[in-house]
Amino acid sequence: MLAAVFGIVIFVVVPGSLAELLGVLVTIGVVILGSRAARDYADSAYPDYNVAEVAVEGPITRDGSTPGPIPGGALGATADDVVEQIERADEDDVVDALLVKLDTPGGQVVPSDDIRNAAADFDGPTVAYATDVCASGGYWIASGCDELWARRGSIVGSIGVIGSRVNVSELAEELGISYERFAAGKYKDAGMPLKDLSEDEREYLQGIIDGFYDDFVERVAEGRDMEPAAVRDTEARVYLGDEAHELGLVDDIGDRSAVEAHVEDLLDAEVSVREFEPEKGLAARLRGGATAVAYAAGAGAASVFVDDDHDFRLRY
């Protein structure tokens, strides 16, 4: 109602002509731009923070879309955006430390690695802390930080790699669908769902998984200062925070305030945290809200009938 009244005053009552309306619109635009410029100047000239926080929440993908039958479902962590915010914090002269908030079950391999590398390259202390879930690709990211904290009830671990494919060759045969191969290279169509895997193809695809897993184990062992054998012994299990701490997978147990107090000890200074996140326009915010509602309402039913796991996919 307030917006409607404002619109009537600005666009109907005040202007007596098209020129006056244009003048009103230009004035509003100048005020908006001036406000943003003043805010940016105040932030740079009189910063009220010395620690940056970047969040990784939801499934990790390149574009933030949730894997599955939800078109355009921007419900996960967009790797490029997260990396951009970490780099922006690193370039900010007043930022002395980085907090990485993790609440993710993992996600795609390369996007997870991009975020890990950005955190590892940050010039200053980097402390990751888990809220609800820090699993798989989330733990991969945490291994690139100086420390990892968790809550007692946090789910931590799942140090492993999974690849999957759907075999519908028998169903295709029942439906009278046949698969004809036109490919150059023995393994070009390895993992196609319309045909059975040969032993050579299964060994080839498992070798890819094993290679990623070896790299995962080595990175975690190096980042956590653990023996690779100890990491492998977890067998991709998940643990509650307390048990993860006992196993050396987590540095300490505490909530957000405890993490901030620890960072104050590291910096020997009072800490003020600012969350670094990509700016979203009104249209993007509305679109994200509508998508979340649609996902909550329809994903359960839709997932029964639709499955896009028709390719061989790799994820942490």
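Among what's in region 215-266 and is in contact with a Pro (Cβ under 8 Å, 6 or more places away or on another chain) and free of Cβ contacts under 8 Å to residues at least 12 places away in the same chain, pick the residue that is surrounded by the most Cβ atoms within 10 Å (Cβ to Cβ).
Looking only at region 215-266, we keep the residues that are in contact with a Pro (Cβ under 8 Å, 6 or more places away or on another chain), and these are 217-218, 221, 263, 266.
Imposing the further condition that a residue be free of Cβ contacts under 8 Å to residues at least 12 places away in the same chain reduces the set to 218, 221.
On the way: Glu218: 13, Ala221: 18.
Looking at the filtered set, the residue picked out is Ala221.
Please state which of the following conditions Arg152 fails to meet, knowing it meets all the rest: (1) part of a loop (DSSP other than H, G, I, E, B); (2) over 34 Å from the mean Cα position of the chain (by Cα).
Only one criterion in (1) part of a loop (DSSP other than H, G, I, E, B); (2) over 34 Å from the mean Cα position of the chain (by Cα) is unmet by Arg152, namely (2).
Here's the yes/no breakdown for (1) at pLDDT below 90; (2) out of contact with any Phe, Trp or Tyr (no Cβ under 6 Å at 6 or more places or on another chain); (3) under 22 Å from Gly207 (Cβ atoms):
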| position | (1), (2), (3) |
| --- | --- |
| Ile115 | no, yes, no |
| Ala120 | no, yes, no |
| Cys134 | no, yes, no |
| Ile141 | no, yes, no |
| Ser164 | yes, yes, yes |
| Asn167 | yes, yes, yes |
| Glu180 | yes, yes, no |
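Considering only region 175-189, I want to know if a residue exists there that is more than 20 Å from Ala130 (Cβ to Cβ) and within 27 Å of the chain's Cα centre (by Cα).
So the first thing to find is which residues in region 175-189 are more than 20 Å from Ala130 (Cβ to Cβ), and the list is 175-189.
With the extra rule that they be within 27 Å of the chain's Cα centre (by Cα), the set shrinks to none.
Within region 175-189, none of the residues are more than 20 Å from Ala130 (Cβ to Cβ) and within 27 Å of the chain's Cα centre (by Cα).
Restricted to region 275-294, and to residues that are over 26 Å from Gly223 (Cβ atoms), among the charged types (D, E, K, R) and not in a helix (DSSP H, G or I), which residue is modelled with the highest pLDDT? Steps first, answer last, please.
Restricting attention to region 275-294, the residues satisfying the condition of being over 26 Å from Gly223 (Cβ atoms) are 278-294.
Filter again for among the charged types (D, E, K, R), leaving 279-280, 285, 287.
From the residues that got through so far, the ones that are not in a helix (DSSP H, G or I) too are 279-280.
Values: Glu279: 72, Lys280: 61.
Among them, the one singled out is Glu279.
Select from region 101-127 the residues that are assigned to a strand (DSSP E or B) and closer than 19 Å to Tyr49 by Cβ and write down the one among them that is nearest to the chain's Cα centre (by Cα).
Lys101
Find all pairs meeting these conditions: Cβ atoms under 7 angstrom apart; at least six residues apart or on different chains; first residue within region 163-179 and on the phi < 0 side of the Ramachandran plot and of a type in the set (Val, Ile, Thr); second residue at pLDDT 75 or above and surrounded by 14 or more Cβ atoms within 10 Å (Cβ to Cβ).
Val166/Pro193; Val168/Pro193
Here are some residues: Gly34, Gly58, Gly76. Which one is surrounded by fewer than 17 Cβ atoms within 10 Å (Cβ to Cβ), at pLDDT 70 or above and either over 30 Å from the mean Cα position of the chain (by Cα) or within 30 Å of Thr126 (Cβ to Cβ) (or both)?
Unique residue meeting the criteria: Gly34.
A quick yes/no check of all residues on (1) under 29 Å from Val95 (Cβ atoms); (2) hydroxyl-bearing (Ser, Thr, Tyr):
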{"residue": "Ala128", "(1), (2)": "yes, no"}
{"residue": "Thr131", "(1), (2)": "yes, yes"}
{"residue": "Ser136", "(1), (2)": "yes, yes"}
{"residue": "Gly144", "(1), (2)": "yes, no"}
{"residue": "Val156", "(1), (2)": "yes, no"}
{"residue": "Val161", "(1), (2)": "no, no"}
{"residue": "Ser169", "(1), (2)": "no, yes"}
{"residue": "Lys186", "(1), (2)": "no, no"}
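Out of (1) surrounded by fewer than 18 Cβ atoms within 10 Å (Cβ to Cβ); (2) in contact with a strand residue (DSSP E or B) (Cβ under 9 Å, 6 or more places away or on another chain); (3) farther than 30 Å from Val127 by Cα, what's the single condition that is false for Leu175?
Status for Leu175: all satisfied but (2).
Kindly list, by first and then second residue, each pair from a residue in region 32-57 that is over 30 Å from Ser112 (Cβ atoms) to a residue that is modelled with pLDDT of 80 or more and among the hydroxyl-bearing types (Ser, Thr, Tyr), limited to pairs with Cβ atoms under 9 Å and residues at least 6 apart or on different chains.
Matching pairs, first to second residue: Asp43/Tyr49; Pro47/Ser272; Asp48/Ser272.
Select from region 217-259 the residues that are in a helix (DSSP H, G or I), among the charged types (D, E, K, R) and closer than 30 Å to Val273 by Cα and list them in ascending order.
Within region 217-259, Arg219, Glu222, Arg224, Asp242, Glu243, Glu246, Arg256 meet the criteria.
Identify the residue in region 196-219 that is of a type in the set (Val, Ile, Thr) and modelled with pLDDT under 90 and, among all such residues, is farthest from Gly163 (Cα to Cα).
Ile208
Between residues in region 83-100 that are in a helix (DSSP H, G or I) and residues that are surrounded by 17 or more Cβ atoms within 10 Å (Cβ to Cβ) and among the charged types (D, E, K, R), which pairs lie under 8 Å by C-beta distance while being six or more apart or on different chains?
Val83/Asp114
Read through the list (1) surrounded by 13 or more Cβ atoms within 10 Å (Cβ to Cβ); (2) in a helix (DSSP H, G or I), then give the number of the only condition that Glu170 fails.
Looking at each condition in turn, Glu170 falls short on (1).
Please find, within region 39-54, the residue that is nearest to Tyr129 (Cα to Cα) out of those that are surrounded by 10 or more Cβ atoms within 10 Å (Cβ to Cβ) and modelled with pLDDT under 75.
Only one residue fits best here, namely Pro47.
The values are calculated or read from the model by the stated rules, or taken from the named source; none is laboratory data. Bear in mind that the values here come from a model prediction, so they are computed numbers and not experimental data. Backbone-built Cβ (ideal geometry, glycine too); neighbour counts: all protein chains shown.
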